[in-house]
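Notes for the one structure printed next.
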Amino acid sequence: MAEAEAFETDFWKDANLRKAWDDIVPGEIIVQQQGRERFLAVGEGIVEITARQVSIVTDMAIPAEKIDEGRVEEARARAAARLSEKISDEEVASVNASLARSLAQLQVRRRRRS
């Protein structure tokens with residue numbers, strides 16, 4: 001969950017840190033803004049956490065309600081089929097990244113069906 005309020009100021013005093021960085025893997029984040037939760041499928045990226053805010057840079061951020069399950073399922077199937085072909089290591093990495101993004105979207109959409 002991307003929520004700055006979850007990090008109390010005591011955390012920063014105890015850790016003697018001003019900011020923290022970490023990598024993001026494909027999956028789901030929950031953004032709380034103005035008392036409302038938004039569920040997003042995200043791709044790879046980085047997160048910076050400070051005492052005042054959380055900043056995320058990612059190659060994909062799609063709200064659950066905007067995910068087209070049919071299109072994503074087709075993309076997942078294409079990626080899975082491509083992995084059965086003889087392709088270079090670079091292509092395997094690219095297809096695996098695409099597959100991970102598709103699976104993240106499917107997981108978020110299915111979990112958050114309206």
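Laboratory data are not the source of any read-out in this text; all were calculated from the coordinates shown. Just so we're clear, the structure is a prediction, and the values are computed from it rather than from any experiment. Here the Cβ positions follow ideal geometry from the backbone for every residue, glycine too, while neighbour counts run over all protein chains shown.
Taking the number of Cβ atoms within 10 Å of each Cβ as an exposure proxy, the fewest-first ranking of D68, D23 is D23, D68. Couplings 3J(HN,Hα) for region 92-109, derived from phi with the Karplus relation 6.51 cos²θ - 1.76 cosθ + 1.60 (θ = phi - 60°), are 4, 4, 5, 5, 4, 5, 4, 5, 5, 5, 5, 5, 4, 4, 4, 4, 5, 4 Hz, where x marks Gly and Pro. Once both labels are positioned 7 Å from their Cα atoms along Cα-to-Cβ, the gap between E73 and D59 label points is 2.6 nm.
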